[in-house]
Amino acid sequence: MAASFFFDAEPVCEPGAPAMDSCALCAKHLGRDSDIFMYRGDTPFCSEECRYEQMQLDAIRARRTAGRRQQTRSAATAESWRGRQQESAKVPAAS
Ligand SMILES: [Zn+2]
C-alpha cells in the first residue's frame, strides 16, 4: 500500500493539520525542495499563479455570499413590513 509506506517513511508531525504535500488548487505534488506558496497561513500552493487563482475564487465566493445575504435580508424585511401593514389595516376595521 502506498499510503502505509508514506506514513512509515514520513512521520506525521502535526496530526489534524491539512496536507502540506500538494498544491491546494491543482494538487501538484510539492516536494521537499520545491517552493511552497502559503495562503491564509495553512493552505499550500505550488506557484504564485495557483495561489492567485485561489484568491480570485475566494473573492468571487465571498462576493456571492455577501450578495445572497443582502438579498435574503431585504426580502425578509419586505415580508415583515407587509405583515405589519396587514395587521394595522385590520385594527381600524375592528374598532
Ligand atoms: Zn498548483
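Things worth noting here:
- Residue in the stretch 30-48 that is modelled with pLDDT of 65 or more, among the aliphatic types (A, V, I, L, M) and assigned to a loop (DSSP other than H, G, I, E, B) present: yes
- Pairing each residue of the stretch 37-49 that is acidic (Asp, Glu) with any residue that is near the ligand (Cβ under 10 Å from one of its atoms), provided the two are 6+ apart or on different chains, yields C-beta distances under 8 Å for 48/37.
The values are calculated or read from the model by the stated rules, or taken from the named source; none is laboratory data. Everything numeric in this text was worked out from a predicted model, so none of it was measured. No Cβ is skipped: glycine too gets one built from the backbone with ideal geometry, and neighbour counts run over all protein chains shown.
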